[in-house]
2 protein chains.
Amino acid sequence: MPTVTFLPSFRKAVVDREGTLMEAALNAGINLNVVCGGQGKCGKCVMFVKSGVAEFDRDQFGRFFSPEELESGACLACQTRVIDDASVFVPESSHIQEQKILIETLGLETEFHPSVWKYPLVLNPPSLDDPSPDLTRLLWGIEKKGGPREGKIYAPLEVIRSIPRVLRDSGWKITATVALVPGGYRLIDVEKGDTSSRLYGVAVDLGTTTVVVFIRSLVDGRVVGVASNYNKQISCGEDILSRVNYARKGGLAKLQSLAAESINTAITRAANQAGVDREDIHEVVIAGNTIMTHILMGIDPAYMIEEPYVPVVRRYLTAAASRVGLEVKENAGLFIFPAVSDFIGGDIVADVLASGMSESSEVSLLIDIGTNFEVVLGNRDWMFSCAGAAGPALEGGEVLFGMRANPGAIEQITLDLETLTPAYRTINHEKPRGICGSGLIDLLAELLRACVIDRTGRINTVIAHPRIRLGPHFPEFVVAWKEETGIGKDIVITENDIKNLIMSKASILAACITLMNEAGISRNGIDRIYFTGAFGNYLSKENAIIIGLIPEVPLERIRTIGNGAIEGANIALVNRKKRKQLDEIARTMAYIELNATPSFMDEYTRGCFLPHTDLSLFPVVEKMLDECRIHRG
Amino acid sequence: MPTVTFLPSFRKAVVDREGTLMEAALNAGINLNVVCGGQGKCGKCVMFVKSGVAEFDRDQFGRFFSPEELESGACLACQTRVIDDASVFVPESSHIQEQKILIETLGLETEFHPSVWKYPLVLNPPSLDDPSPDLTRLLWGIEKKGGPREGKIYAPLEVIRSIPRVLRDSGWKITATVALVPGGYRLIDVEKGDTSSRLYGVAVDLGTTTVVVFIRSLVDGRVVGVASNYNKQISCGEDILSRVNYARKGGLAKLQSLAAESINTAITRAANQAGVDREDIHEVVIAGNTIMTHILMGIDPAYMIEEPYVPVVRRYLTAAASRVGLEVKENAGLFIFPAVSDFIGGDIVADVLASGMSESSEVSLLIDIGTNFEVVLGNRDWMFSCAGAAGPALEGGEVLFGMRANPGAIEQITLDLETLTPAYRTINHEKPRGICGSGLIDLLAELLRACVIDRTGRINTVIAHPRIRLGPHFPEFVVAWKEETGIGKDIVITENDIKNLIMSKASILAACITLMNEAGISRNGIDRIYFTGAFGNYLSKENAIIIGLIPEVPLERIRTIGNGAIEGANIALVNRKKRKQLDEIARTMAYIELNATPSFMDEYTRGCFLPHTDLSLFPVVEKMLDECRIHRG
């Protein structure tokens, strides 16, 4: 098999003859940016063949490159077949970029009711007067310490096998670990000596893009380590659809192991940070979207993306963590959040748990915005849920200077209504390189208040101001002059960008209104709005209402719960009573298919205004806009 | 590594340099007769080195052979180290002999309540109107067919993974298999099409010497196949103690795999006979003594044979059958009978279940006689149990012409009280080669009735009769003249044989009386005596009382239940309600340690008479003996 050497890192990997450079990069552990999943569509996985034999079809894919680039050996890694040993240069831009990942949590208070316990025991050695068997002796010891009744604990074979040696080698001083499992308790480990302080669990948010991990003591619930990293599956496709397509082409096992590896990497980081041995991690709780959890469990996700869109499994899953390749204690249990449907996964169930809305009589509206959005409306008695694609605008796609929440992104912005001079804050306080979602929402709201744009999103080019000008294709507003930016160009927002942003926000608003109509709830009937997801956390609530991203409610009713998935996973990790509610929550959440709801398209159309066609739904915004108009004349 | 060729079979096996011929024979699959477990003590594993290099210490072990035999290359396989390729002859006598194994059963009636079910299902394919997940769809199908509720069935990961493919490839016509497991139900398999008629279970009696297997349909409980064979562990030691010693020397894994192999061989035979595919066997239920089940489960049995004699586990065990190497359906469950102590194993619990004594208000005495004996006394409210070594006399050991129940063994015998001419029946109607247990008991009783021996077992050499004579060491009685035997020698019983037999029977009687004393029950309080074990089945009840093997009760109260272990395993296989009682039965059976009970030795001494020192305990026998004495003058 030929060997490929990747420059400038000099990483090497072998690959099948006729295998692609993308496969070789995967083998070499290079996190390649393959947005389209290797279909030759996105043109992101650029490499330059420096020597050796690798075939690239320029006729079909040459369009991504200039003649000079082709001259230098440019190719798409996903479309280049390795025939013999080769040496290839990988530009920085072909790697997945580091991104700001949301790991802060609200630290929601929850009672501590763990699902795993350690019992340090000093047992009497057997004698002729007390000849009870090793296992019975051990289980009685647990019972005497206040643990579950002897007969209620199932002991698996591998643990039973270890018992006689451990008991005798330790001088009958041991620590037994017991876990709550479906149907009862399970003896998961017996160790020499008193190890009772070394008992940890892991909560995981397994996202399409990122993985977030919390390590908590299961002795007292304390958070001891936190880490996050990219989901390494990104090298097989950036969005979830391209992952499923990759799985369909025989890539399920690869995606499965990348998911496990991503979690393992984060666990290792968090464990090192906390000084925790991974062998002392006795439980893993994971919340993720339905496709991610299917893939992690090695279950074929193919049928979820074709009509009639059914997952294989919706209920919560348990297994030995080692069964899916997680590198923790051998017998550690794995708990996967239940899902509602293909599109409402365990991450949203975790959001609901974290919000507390499923335990309250108040009516809450929960909105999770990412590449896709999910909305849940309801209370402890009933819940409706729906999901949709917001389009990439709010994440910085389809916007000329849009970008993800990476260093240099403008994340907050205000305009001086007199001078139209922007004041902004960038991530890491670097020179601006573009604008991320929360900055775009601010910008839209500020441009509207300043009457630079009207309610349809059109730029008022009549205003004579150096920042308002005609760009090559569309009218545009200059947010930052090239001298102040980190990219040597003016950063602008165009009328076309604004149109795309309005379409995105209209989808989300229409989803909210569709669920409200379904439930017969008006905006006044909403007691609480919860924003969750990376996006929601940096969002200005006021501006979100001004542009009509969400229904107008008094601002004090709006809360952000940060990364609801990791919050929910944390709660389920340390509170078995809450964990028990999850299947019930998932069952209660009726799923509304927006595409099958005729009024959704009408609501979408009505929402393609700032904030909405019908201003009576946004009375406070209407008043504010009137004042602005009067002010500007 | 050197290769050893075994003649006359020409089987070959490699073995480590300096490994023994015994190890090579094991590797070659030769069932060698190694009574002492390879300690060079029993002299049974004779081989003749024909060529090649193998070292045998004649100084130490030459005593087993004549000079002529040594000249021909005679050696003990367990004490001969292979240095280089060698060729060795294995005489027939060094193989384990085929033996009459008890597989007939009483066919005890029991209600049919299986623990595994198949549900043939025709499911509606998912649609936009009915988009429930694959697993939910399947489990609802089971529920609609009268199976367990959807939420009550645990689905393991490997089954979930298989579901989407099987459902679609089969056109949504599948068969789901569900098993009852501790804590609930488990989905153990999903197959294409309707396979509901192919559902079988296996009941196993895992004995120290033999393995008996029943295959039963779990659709209707019918027995479809029966087979038995030797426990292949015999090549590592004939008695249980030598097995444990073999395990202690690092041989546990070997013994474990031999146990599994022994069961697999029997299952294969029974399955072939029944035309059953082993892949259709969904459950295995095993009753065995505590050491055998520990070894099969891969649990160290070492601590059971040293003070204070504790097993690792006493409760029933469950696991995947494949975990211990049983070659049945991959997800098939394994159920191992619970034990009471080291010495009262799952086989005795199975005896008790089969006898029905644990459900009756009548007081029963259950006696299982093999190499060791076990006695249980009690009813549904209380039970006492004990165990001991009867010595090998009743199995043909320590008796000059004693033998196991192999072809040619005299198994029944009567004497003409006038002429002293024996009339006997041999196994397979072959010419007699020796006398097995039931024949020896008959002989003892008949010699006593004929006044050839007195109540101490002494032969009355005053009687002038050609069959009564002085042998080389002891007085003896000729049972068969050499012309009528298959061995070219007179078959006799000596006074020493009779002494050994009396000591054996005295142990068993003393055990019965010790339990009766413990419970405050006289012989009149015994409503039922059950004989179980291979031995009991061919036994004359009357003669057992005459010699004082068991307490005197009216004959109609005595029943034999054949192989109680396989009977009990069969019941537990097809009747989950009975299976559920097992742990309770095992807990109810108080274990009396005979060696710690001072009165036991007294009872033993008092029992070393025919039938007993105190004839008032045997009034009917006393009367009979009086009549005989009068008759003979």
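The values are calculated or read from the model by the stated rules, or taken from the named source; none is laboratory data. What you are looking at is a predicted structure, and each value in this text was computed from that prediction instead of being measured. Note: ideal-geometry Cβ built from the backbone for every residue, glycine included; neighbour counts use all protein chains shown.
Numbers below:
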{"item": "Set A:P407, A:P422: member being farther than 28 Å from A:A511 by Cα and in contact (Cβ under 8 Å) with a residue 60 or more places away in the chain", "result": "A:P407"}
{"item": "Positions within segment B:1-31 being in a strand (DSSP E or B) and free of Cβ contacts under 8 Å to residues at least 24 places away in the same chain, in sequence order", "result": "B:R11, B:K12, B:A13, B:V14"}
{"item": "Where B:R323 falls short, out of the listed (1) more than 14 Å from chain A (Cβ to nearest Cβ); (2) of a type in the set (K, R); (3) free of Cβ contacts under 8 Å to residues at least 40 places away in the same chain", "result": "(1)"}
{"item": "Residue list for segment A:156-185, filter: buried (at least 21 other Cβ atoms within 10 Å of the Cβ), at the interface with chain B (Cβ under 10 Å from one of its Cβ atoms) and closer than 19 Å to A:H282 by Cβ", "result": "A:I160, A:I163, A:Y185"}
{"item": "Qualifying residue in segment B:452-465 (condition: hydrophobic (A, V, I, L, M, F, W, C), touching a Cys at 6+ places or on another chain (Cβ under 8 Å) and within 21 Å of B:I545 (Cβ to Cβ))", "result": "no"}
{"item": "Of all residues making up segment B:603-622, the number that are of a type in the set (D, E) and without any contact (Cβ under 8 Å) to a residue 12 or more places away in the chain", "result": "2"}
{"item": "Test: B:L206 is more than 23 Å from A:A586 (Cβ to Cβ), assigned by TED's automatic domain parsing to the domain that holds B:N264 and touching a Ser or Thr at 6+ places or on another chain (Cβ under 8 Å)", "result": "yes"}
{"item": "Pair list, Cβ < 6 Å and 6+ apart or interchain, from segment A:220-238 residues that are in contact (Cβ under 8 Å) with a residue 24 or more places away in the chain and within 14 Å of A:Q273 (Cβ to Cβ) to residues that are surrounded by fewer than 21 Cβ atoms within 10 Å (Cβ to Cβ) and among the hydrophobic types (A, V, I, L, M, F, W, C)", "result": "A:V224/A:A274; A:G225/A:A274; A:V226/A:I103; A:S228/A:I101; A:S228/A:I103"}
{"item": "Residues of segment A:569-585 that turn out to be without any contact (Cβ under 8 Å) to a residue 60 or more places away in the chain and closer than 12 Å to A:D205 by Cα, as a count", "result": "0"}
{"item": "Any hit, segment A:361-371, residues being without any contact (Cβ under 8 Å) to a residue 24 or more places away in the chain and either buried (at least 24 other Cβ atoms within 10 Å of the Cβ) or farther than 22 Å from A:T209 by Cα (or both)", "result": "yes"}
{"item": "Tally of residues being surrounded by 12 or more Cβ atoms within 10 Å (Cβ to Cβ), part of a loop (DSSP other than H, G, I, E, B) and more than 8 Å from every other protein chain (Cβ to nearest Cβ) across segment A:125-148", "result": "4"}
{"item": "Sole residue being in contact (Cβ under 8 Å) with a residue 60 or more places away in the chain and either within 23 Å of A:G207 (Cβ to Cβ) or not polar (S, T, N, Q) (or both), chosen from A:D527, A:D490", "result": "A:D527"}
{"item": "Within segment B:307-317, tally of residues that are of a type outside the set (A, V, I, L, M, F, W, C) and either crowded, with 19+ Cβ neighbours inside 10 Å or away from chain A (no Cβ under 12 Å) (or both)", "result": "4"}
{"item": "Matching residues, segment A:431-467, being in a helix (DSSP H, G or I), in contact (Cβ under 8 Å) with a residue 40 or more places away in the chain and small (G, A, S)", "result": "A:G437, A:S438, A:A445"}
{"item": "Residue list for segment B:149-162, restricted to those being under 41 Å from the mean Cα position of the chain (by Cα) and part of a helix (DSSP H, G or I)", "result": "B:K152, B:L157, B:E158, B:V159, B:I160, B:R161, B:S162"}
{"item": "Some residue of segment A:477-494 being farther than 25 Å from A:R404 by Cα and part of a helix (DSSP H, G or I)", "result": "no"}
{"item": "Test for A:G562: is it away from chain B (no Cβ under 14 Å), touching a residue at least 24 places away in the same chain (Cβ under 8 Å) and under 22 Å from A:G345 (Cα atoms)", "result": "yes"}
{"item": "Strands (runs of 3 or more DSSP E) wholly inside segment A:168-260 that include at least 3 residues being closer than 30 Å to A:C78 by Cβ", "result": "A:200-206, A:210-217, A:223-230"}
{"item": "Lone unmet requirement of (1) under 27 Å from the mean Cα position of the chain (by Cα); (2) assigned to a helix (DSSP H, G or I); (3) crowded, with 21+ Cβ neighbours inside 10 Å for A:E556", "result": "(3)"}
{"item": "Number of the condition not met by A:P2 [criteria: (1) surrounded by 14 or more Cβ atoms within 10 Å (Cβ to Cβ); (2) within 35 Å of the chain's Cα centre (by Cα)]", "result": "(2)"}
{"item": "All positions within segment A:389-421 that are part of a strand (DSSP E or B) and acidic (D, E)", "result": "A:E411"}
{"item": "Matching residues in segment A:320-334 - criterion: being in a strand (DSSP E or B) and either surrounded by 19 or more Cβ atoms within 10 Å (Cβ to Cβ) or not assigned by TED's automatic domain parsing to the domain that holds A:I286 (or both)", "result": "A:G333, A:L334"}
{"item": "Candidate set: segment B:28-71, residues that are among the small types (G, A, S) and surrounded by 14 or more Cβ atoms within 10 Å (Cβ to Cβ); chosen: the one nearest to B:S94 (Cα to Cα)", "result": "B:G43"}
{"item": "Tally of residues being more than 31 Å from the chain's Cα centre (by Cα) and either surrounded by fewer than 19 Cβ atoms within 10 Å (Cβ to Cβ) or of a type in the set (S, T, Y) (or both) across segment B:186-215", "result": "6"}
{"item": "Any hit, segment B:249-259, residues being away from every other protein chain (no Cβ under 14 Å), surrounded by fewer than 21 Cβ atoms within 10 Å (Cβ to Cβ), closer than 27 Å to B:A354 by Cα and charged (D, E, K, R)", "result": "no"}
{"item": "Residue within segment A:283-298 that is assigned to a loop (DSSP other than H, G, I, E, B), away from every other protein chain (no Cβ under 11 Å) and among the β-branched types (V, I, T) present", "result": "no"}
{"item": "Qualifying position, being acidic (D, E) and away from chain A (no Cβ under 14 Å), among B:E542, B:E584, B:E593", "result": "B:E542"}
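Residue by residue, here is whether (1) at pLDDT below 90; (2) farther than 26 Å from B:L317 by Cβ; (3) under 36 Å from the mean Cα position of the chain (by Cα); (4) not assigned by TED's automatic domain parsing to the domain that holds A:S235 holds:
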site: A:I103; (1), (2), (3), (4): yes, yes, yes, yes
site: A:L108; (1), (2), (3), (4): yes, yes, yes, yes
site: A:L139; (1), (2), (3), (4): no, no, no, yes
site: A:K144; (1), (2), (3), (4): no, no, no, yes
site: A:R165; (1), (2), (3), (4): no, no, no, yes
site: A:V178; (1), (2), (3), (4): no, no, yes, yes
